[in-house]
Each structure stands twice: as C-alpha cells, then as structure tokens.
Amino acid sequence: MTINLSGLGIDYGAILPELIVVGTAIVVLFLDLVVPADRRGWLAGVTVVGLLAALAASFPLWGQDRAAFGDTVIADSLAAFFNVLLIAITILTALISPRFLRALDLDYGEYYILLLGATAGMMLLAAATSLMTIFLGIELLSVCLYVLSGFARTALRSQEAALKYLLLGGFATGFLLYGMALIYGATGSTTLRAIAAATTTAAASNVLLLVGIALLSVGLAFKVSAAPFHMWTPDVYEGAPTVVTTFMSVATKAAAFAAIGRIFIATFPSISSRWYFPLALIAIFSLFIGNLVAITQDNIKRMLAYSGIAHAGYILLGILPGTTQGFTATLFYIAAYAVMNFGAFAVVTAIGAGGEQTADLSYWRGLFYRRPFLATVMTIFMLSLAGIPPTVGFFAKLFVFQSLVTAQIWAPLVVAVIMTIVSFYYYLRVIVVMLAQPDGAVAENRVGFSTSTVLGAVAVATVFLGLFPSVVLDWASHAASLHF
Amino acid sequence: MSWYTLPTNVPWLSLVLVVPLVGALLVVLTPSVAGRVIKQLGILTAVITLALVLAIIGGFQQGVGGLHLQFEEVLRWIPSLGISYHLGIDGLSLFLLGLNALLFLIAIIVTDSATPRLKEFILLLLILEAATAGILLALDLILFYVFWEAMLVPLYFLIGVWGEGRRIYAAFKFLIYTVIGSFAMLIAILAVAGINFSQTGQLSFDWTVLVQHPAAGVWHLPGSLGSVGIPQLLFVGFALAFAIKMPIWPLHTWLPPAYTASPVPVVIVFAGLVSKLGAYGFIRFNLSLFPDAAHSLGGPLAVLATIGILYGAVMALAQTDLKRLVAYASMSHLGFIGLGIFAGNLLGIEGALVQMINHGVIIAALFLVVGMIERRAGTRLRGELRGLGATAPLFAALFLVVSLAALGLPGLNGFVGEFLIMLGAWSSFLPLAVGAGIGVVLAAWYVLRFYQGSTQDAPPHPASFPELRILDVGVLAPLLALMVVIGISPGFFPAAVDATVKALPVILR
C-alpha cells in the first residue's frame, strides 16, 4: 500500500529483460547499415541471441515481488511467465522469418527491429501496474504491429490490412485512453495499487469509475480481438504477411490478457459483480461469432482469425470466476494457445513461402500426399485447437471448464461446450481437405531446415504438454497468485 | 484363472498400452513401399499384445483387493487437480481386454495388403488399439476421458479415408454424435469431482475414491420449475456419452451409415469392440457412481433398450444389403446388453458382461463372413446371392455355426448371455422380458433367412464362388472356438464377474 516516494524507485534490474530487447533492437538497427543485403539472415541470428539473453534475464524475476519506478511496473512471477512466453514466441518467429521474407522479397532489417519493438511493448504491458505504463506498452506494440502488417509494401492487401488496423486501432486506443482518464478522475490515481485501494471504499459505486472500466475493457477487448470488437481481425490476419500474422495472433493476445488479468483479477476484485456480466457477454459473443463464422471461411488465414476470436472467448471465461484457479486456467490456456496457434500459422507461413495465394483451402487439397510432414503437424495443431486429447488444447479447455464448474458459472459453460462441438466442424474440415485426393500436381517449394525444426518442436510441444500438462500448470498457478 | 502369479514389479497394464504404440512407431519408421513388412509388423505387435493380455488373464486372481482391482498402477499426473495415471483391471474389464487384443489381431490379419496407404491404415489401427485398451484400463475419470476422445480420431480417419460410399458423411455424423455425448460426460465428470470435493474436501478424479462417496443433493431449478436430483443429472451426462456409443435407441442413427461405410477390418473392431465400450462405461461409471439414479432411471432405459432390440430386429429383416443387415442385428443384440445392465440385478449384469464378449465374437465373425462373401461374389445384396454352399461347403458350415450362435442356439455362446439377461429382465421388468423374447424370435428369422438364402438352393450358372482359403479359416477359427467353449462351459466367465459386481456399490433390484 505504500508508494515509494524516496526518489522515483528507479530499479533497472526490474526491467532488465525489456531493456535487453530494446538494446538488441538498437544493435540490429546499426548492424543493418553494415550487413550486406544478401546476408540479412545474420540479423535474425543477432535478434535470437539478444532474445536469448533477455530470456536468461527473465528467470531471476520468478518469485519476486519487486515494484519499481513509482509503482508503475512490477517484476513478479506473472511478468516472468509472460516474458518467457513472449520471448519464446519471438525467437520462433525470428527463426521462421528469413526464408519467408526472402521468398516475398521483403528481406529488410527493419522487420527485426519492429519485431523486437513489439516484443518490448508486450513485455512492458505484461509487467505494467499503472494505467500509464499499460498505455505505453499497448502503444509500443501497436505501432510496431501497424507497420509490420503493412510490411509487404507492394501488396495491396497488406496495405489495406495495415490501414484498417491503424484506423480501428487508433479508435480503440481512444476508448482506452478515455477510460483511463475517467478511472483516474474517479480514484485520483493511475497506479493499479492505489486504484484497487480506492475501489474498496466509497468510490466503488462511482459512475465515472464504472464507465471508465467499461471503456478500458473495450480497448483491451479490441487488442485480444474479442467480439464485438473483432471486426479488424480477419482482414488484418489475412492481409498481413503470414509470418507477421503468426507472431501477432498469439503474442498480442497473450500480452493483452496479462493486462486484463492484472486489471480485473487483481485491481477490481471488490467490484467483480459489476464487471462479471459485461465480460461474460463479451466471452459468449466471441464464442458464438468466432466459432459460427469460422465455419463459412474458405481461406485458412481467415478461418484461423475467427478461431482466434473464439479462443479469446475461451480465455476470457477463465477470468470470469475472478479466482486464482480461474486465472491459472487462463494463463495455461494462453500458453497452450500460443503453442498450437503459432504452429498452425507457421504451417501456413511455410506453405506461403512459395507465394501468398496459398491460404485458400482449395490449395490444401491432398496435402498429405504432397507434403506429408506439413500435413501431419497441421493435423496435430487442428486437433489441439479443437481440444481433442492427447493435445495441450484439451487440457486448456478442461482447466477453464473446471474453474467454471467450481465457481458454478453455468450459462457461459454451456455455450462454450456447445460452441466447442461446433468448432470440430471447421478444424476437422482442414484435415479432411488435406486427406482428399489431390487434383493434380502443384508446384512445390521445400521447407527450410529452421522452419521444419521449429514446426517439429512446436508439434512435439503440443503433444508433450497434452500428455504432461502438470509442469506448465504449476507455473501458471504460481504466476496467477497476484496480490496488491 | 489365477493359474500362476505374475511378477508384481512389471507394469503389465502399461505394457498393454505401450506395445501397440511402439508398434505404431516402428510402422511410422518403415518406408511406405514396404507394405508386406508393415503388415507383418502390425500382426507381430498385435500378437505380442494378445500374448500379454492372455498372460494377464491367466494371472488374474479372483476376489483380491479392495474393489477387486488388480495390477493397479498409480502415478502422479496432474497432482494439483487430483488427476492421476491410474490403471487397474477387474472382472468388468478383464475379458473385454482379451476381446480387444483378439479383434485387433484379426482386423490386422484380414487387412488387404493391397489397401491404399497401408502404412497409415495399420498405424491408425494400432493407435486405436492402444486407445481402446486405455478405456478399459483407466480408473481415473480424466484419463478415461482422454482415451475415450483419443479413440475418436483414428476411427474418424479410418472411416473417412478408407471407407466406402458416403464415407465422409458417415465419419462426420459419427464424430458429431460422439462428441456431443463426450462433452456431456466431460461436464458430468467435472461436476462429480467438484461435488466430491465439496463433500469430502479432497479433489480427486479417481474412480476408486469417487465410488465411495456417491454424489447426492438436489438442484432447484430457477423459478418454480421444481427440482432435479443432482445424481440423476450427472447420470444422464454420463449416460448420453455411453448411450450414443452403444447405441441405444433413439440415438442410433449414426450407426447404419458408419458401419456400412467402414472397411471390413475397421467394422470388426468398431462393431465388435467399440460399441461394447459404451456398455462397459454404463456398468463402470453409471451404475457404480450413481447407484440411486441408476435405480430410478434404470426402468426407462430398459424400455429404450427393449425398443432397440425390436427396432434393430425389424430393420434387419427389412435390409437387402448384408452389411446393413448385420449392422442392425448388432444394434438389436446391443439392446439385449442394455436390457441386462438396466435390469439392475446380478443375473442381468452378469448376462450383459458375458453377452458383451459373445456379441463381440459373433458380430466380428458375421462381418468377416459378409466381407468374404463380398470379396468372392462381388456383391453383398441378399437377392443376388444363392447356392454359395454348393461350391464352398466348408464356408457354408462355418457360416452355419456363426449363424446359430447369433440366433442364440443353446450350446453356443449367444444363448448363455441372452438367457442370463432374460432371467434378469424377467425378475425386474416382466413385460420387457417378453419383448426381448420376441426379439429372439425375430433374430432367428433374419439370421436363418440370411444363411439359407445365400448358401442353399441351386447355385447360379456358372457357379463361381470359391472355397475358403487357409487364412480365412484361420481368422474364423478362434472366434468359432470361443463360441463353442463359452457355449459349453458358461460358468467360466460369471465367476470372475460375480465378485466384482458384488463389490461395487450397485443397488440391485
């Protein structure tokens, strides 16, 4: 409850991983000037090395409770959990990038700088404990992603995606910022700790506060692409270069959910009866729209975009009970989603390295006979996204459902179960299409070594965590025990 | 049984799961051009598994252990949620495990070496064998659910890729039905554990723990809609999954297309084994976890089972396609098993367990016969077949034994189970026993018409139906032997089953 007034609480150790990532971005920026154009793969190597250093710096944060910079960021287990997750995603993205970028003639150093910038923003968002740092994190990651979405400078779809994302994202940021202003007005503080303290008193019934929370929720729901704030998702996912979609579909969602957890679970538990209903409604909306519209999609990137909306709904369900158990399930789900959805998009990336028209489902006909490896790992990811054991996706759903049963939240649970059954249709459809007899020979491109290694590792992780979920569950459980 | 004692430091049951998976791995590593090697690998794996299972059956000691469970293995899996890797075997699962190993061996042997993508076919069969064995062995509800769902994926592919006719439609319909039931069961599983947690303070998904504290309580519906007993609600959750799998009328509509579309090796394990897993689930979970609800809901379910007997029999009479005929016959026979279970007395449940084995043996043999007819005659339409016995007397003889077993002739195995079930039903629900009796009469009708119509009468000219080969006799032989052995010494099975059923907290009528 005490705000560190002696100095500003400057503690660079608490944000060391973020600093390393930003530092790596600066190094890459300068290296880009001296590395010859045909050696830009080196930049990916430097990026990975920097990220590995940041990963190493994240582990000491585990188990700490280290508020810094005037209570605006915190180095705790939750931050460490997300640091590891986000850095891992970024490393894998960097590993599959060079081949894809070269194939599309997009091999520029700025790509890695923007990737690192977005990662730093996401990590900051996961560690943020003040409205200002939350905003800072969101903006940092968003601006980088706007540019990355439009990175295919000559492709019209990519430009359209970037513009759409920028305009709608700016609009959502407006909501977010206005909400923050109202919350500040109601509670007199921007740090979550002070806001939490204020809401336990008379301010709890303050209309300003409630409207503020509502607007803040809109901004965050936009970032996790929860319905009805999801309109941008299919277009941006489809138009952006696939490797960028791969990254942002999992990383952005993860980081934004870290903030949602800190805000709803840790800051506003005392008024959970107020936010429960709107949040439940958003979750149910996401489940309905994501799963039902995904059925009609013939483009695999759009299908995965709607599936991502649906999964945002499942993840939100874990927030609803407002319990540590529920938040544990949420964290596990985020990690599981990161693994399986990254895998699914990475397969699209590997196929797309030959050209960008390959996301159409008709191209995937008979993939089992043409490219058995890619088809097999894709099958694993589809089964996992559908939640069929023994894959990690099953336990993700199981833990969320269990937290709802324990909290006796029935209506959203019933919707989630029914929608899960619906989701089988479109996930299994991909498998059926891949199993169908191919129409004829289609020009092939080989999968590079690093891409196939990444795909293999992610597929193994999907199954391994589906057999032994306990380790990650324990981590999630430890990270979920937030307290202010 | 218990002819010898197996060493206790070997995880026998895990081996039953691991051996097919190791075989599957070896199949993966074999290049797909080596079709013969792949099939031989599959047969070898299935033989080893069968040998293991036979060793376990031989070493099974009757009436030992708390719930008469043996070869138990408990490993920590997800300790924070009370989920464990708990395997065990008792009188309920012992012989079904044997049936599982036998039918998969037969299925792999009868797989045509010319099957396209043989490698994936054998691979999926081996994975399916591990999953179905896991269903029989799992004693943790979540572990059970994992196997239950894992079974779905290989089956879906086996029908959807290698099936015939409207295979994708059939596979999809089967999948959707099953998944709906599965999720109802999943929610019930979570609720059972949650209720047990609130009653005892111990979070556990272990069947041996849950079975000691049957769920109780009443759920008051919102408004003034009355109230529902929570055990009844949970019972229905489990029952939905198992009733769809069996299937119990009116949840059977996925069955005819799925059985008809399945290739012969798949339909042998599908009809012979997978349908029994639903019946097994009823006894293992519904009867023992919710004894009160099983008592109060047993009556309506027994009525549905009897309707299934008659409906299946009448539909079997109406079929011209032999595969569909056997599919409906299978459904009719499963109605008997359901009736035995829901009769809720010792005779009925014993009869159901015996009949599960019998049905597996008989239906597998019938589908094999249909497969042989189709491969030789090029058709399986009843009207186009006649006089097969003239050129293939051995075939006709073996077919006759199978037919007589299927219609329940005393001295063969079908009679034993049906008789026990009828006795059980007689003392619980007299009118239903009469209905089931009519089903037996109808069975004689459609089976004999099938047999006589196809084998007797003068053969068409030129008679071209070839006699059985050694291999065909070889795959039918163990099934025929079982029919005779069970038929002559029926006391063999109930002894092991009896002790287990008595140890369960089942309310007997």
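Worth a mention:
- Close pairs (9 angstrom Cβ cut-off, 6 or more residues apart or separate chains): under 14 Å from A:N341 (Cβ atoms) in the range A:447-465, β-branched (V, I, T) and not in a helix (DSSP H, G or I) anywhere: A:L455/A:V447; A:T462/A:T391; A:L465/A:T391
- Single condition B:L404 does not satisfy, out of (1) part of a helix (DSSP H, G or I); (2) more than 16 Å from B:L476 (Cα to Cα); (3) of a type outside the set (K, R): (2)
- Among the residues here, A:V430 qualifies as buried (at least 20 other Cβ atoms within 10 Å of the Cβ), under 25 Å from the mean Cα position of the chain (by Cα), among the aliphatic types (A, V, I, L, M) and more than 9 Å from chain B (Cβ to nearest Cβ).
- Contact map, the range B:273-293: residues that are in contact (Cβ under 8 Å) with a residue 60 or more places away in the chain paired with residues that are polar (S, T, N, Q) and surrounded by fewer than 24 Cβ atoms within 10 Å (Cβ to Cβ), Cβ distance under 7 Å, separation 6+ or inter-chain. Pairs shown: B:A293/B:Q232.
- Residue that is over 22 Å from A:L279 (Cβ atoms), within 13 Å of chain B (Cβ to nearest Cβ) and hydroxyl-bearing (S, T, Y), where the choices are A:T391, A:T406: A:T391
- The criterion of being in contact with a Ser or Thr (Cβ under 6 Å, 6 or more places away or on another chain) and either surrounded by 23 or more Cβ atoms within 10 Å (Cβ to Cβ) or in contact (Cβ under 8 Å) with a residue 40 or more places away in the chain (or both) does not hold for A:A336.
- If you go through the range B:163-201 and keep only what is within 11 Å of chain A (Cβ to nearest Cβ), buried (at least 22 other Cβ atoms within 10 Å of the Cβ), more than 15 Å from A:L398 (Cα to Cα) and of a type outside the set (S, T, Y), you end up with B:A171, B:F172, B:L175, B:G181.
- Qualifying residues in the range A:138-165 (those that are β-branched (V, I, T) and in a helix (DSSP H, G or I)) - the one nearest to A:F222 (Cα to Cα): A:I138
- Residue in the range B:402-425 that is among the hydrophobic types (A, V, I, L, M, F, W, C), surrounded by fewer than 18 Cβ atoms within 10 Å (Cβ to Cβ), farther than 17 Å from B:G340 by Cα and modelled with pLDDT of 85 or more present: no
- With respect to (1) closer than 15 Å to B:F270 by Cβ; (2) acidic (D, E); (3) modelled with pLDDT under 90, the lone exception for B:D112 is condition (1).
- Residue, nearest to the other protein chains (Cβ to nearest Cβ), within the range B:55-74, restricted to residues that are in contact with a helix residue (DSSP H, G or I) (Cβ under 7 Å, 6 or more places away or on another chain) and over 22 Å from B:V506 (Cα atoms): B:E73
Every residue, every condition in (1) closer than 26 Å to A:P469 by Cβ; (2) more than 13 Å from chain A (Cβ to nearest Cβ); (3) at pLDDT below 90, yes or no:
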| residue | (1), (2), (3) |
| --- | --- |
| B:G88 | yes, yes, yes |
| B:R117 | no, no, yes |
| B:A130 | yes, no, no |
| B:L143 | yes, no, no |
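- Subset of the range A:48-93 [at negative phi, of a type outside the set (G, A, S) and not in a helix (DSSP H, G or I)]: A:W62, A:Q64, A:D65, A:R66, A:T72, A:V73, A:I74, A:D76
- For the range B:248-273, residues that are under 14 Å from the mean Cα position of the chain (by Cα) and surrounded by fewer than 24 Cβ atoms within 10 Å (Cβ to Cβ) total 0.
- The range A:40-72, residues that are modelled with pLDDT under 90 and among the aromatic types (F, W, Y): A:W42, A:W62, A:F69
- Positions within the range A:338-369 being in contact with an Asp or Glu (Cβ under 9 Å, 6 or more places away or on another chain) and more than 14 Å from chain B (Cβ to nearest Cβ), in sequence order: A:G354, A:A359, A:D360, A:L361, A:S362
- Restricting the range A:459-484 to residues that are in a loop (DSSP other than H, G, I, E, B) and touching a helix residue (DSSP H, G or I) at 6+ places or on another chain (Cβ under 6 Å), the residue that is surrounded by the fewest Cβ atoms within 10 Å (Cβ to Cβ): A:S481
- Check on B:W77, aromatic (F, W, Y), buried (at least 24 other Cβ atoms within 10 Å of the Cβ) and either within 12 Å of chain A (Cβ to nearest Cβ) or in contact with a Gly (Cβ under 6 Å, 6 or more places away or on another chain) (or both): no
- Qualifying residue in the range A:437-455 (condition: within 12 Å of chain B (Cβ to nearest Cβ), surrounded by fewer than 22 Cβ atoms within 10 Å (Cβ to Cβ) and touching a helix residue (DSSP H, G or I) at 6+ places or on another chain (Cβ under 9 Å)): yes
- Pairing residues of the range A:195-220 that are closer than 29 Å to A:G170 by Cβ with residues that are of a type in the set (S, T, Y) and modelled with pLDDT of 90 or more, at Cβ distances under 6 Å and at least 6 apart in sequence or on separate chains, gives A:L215/A:Y178.
- Residue match in the range B:30-40 (condition: in contact with a helix residue (DSSP H, G or I) (Cβ under 6 Å, 6 or more places away or on another chain), buried (at least 21 other Cβ atoms within 10 Å of the Cβ) and of a type in the set (A, V, I, L, M, F, W, C)): yes
- Options A:T462, A:T420: the member that is facing chain B (nearest Cβ under 8 Å) and either out of contact with any His (no Cβ under 7 Å at 6 or more places or on another chain) or not β-branched (V, I, T) (or both): A:T420
- On inspection, B:S227 qualifies as under 29 Å from A:A407 (Cα atoms) and either away from every other protein chain (no Cβ under 14 Å) or surrounded by 22 or more Cβ atoms within 10 Å (Cβ to Cβ) (or both).
- B:V314 vs. criteria surrounded by fewer than 24 Cβ atoms within 10 Å (Cβ to Cβ), under 18 Å from B:F342 (Cα atoms) and of a type in the set (V, I, T): no
- Evaluation of A:T245 against (1) surrounded by fewer than 24 Cβ atoms within 10 Å (Cβ to Cβ); (2) farther than 21 Å from A:G326 by Cβ (one fails), failing number: (1)
- For the range B:204-214, the criterion of being at pLDDT 85 or above, aliphatic (A, V, I, L, M) and assigned to a helix (DSSP H, G or I) is met by none of the residues.
- Matching helices (runs of 4 or more DSSP H) fully within the range A:166-265 where at least 2 residues are within 16 Å of the chain's Cα centre (by Cα): A:207-223, A:232-239, A:242-260
- Check on B:G82, touching a residue at least 40 places away in the same chain (Cβ under 8 Å), of a type outside the set (A, V, I, L, M, F, W, C) and within 14 Å of chain A (Cβ to nearest Cβ): yes
The values are calculated or read from the model by the stated rules, or taken from the named source; none is laboratory data. Quick caveat, the model's predicted, so the values are computed rather than measured. Neighbour counts run over all protein chains shown; Cβ positions are idealised from the backbone, glycine included.
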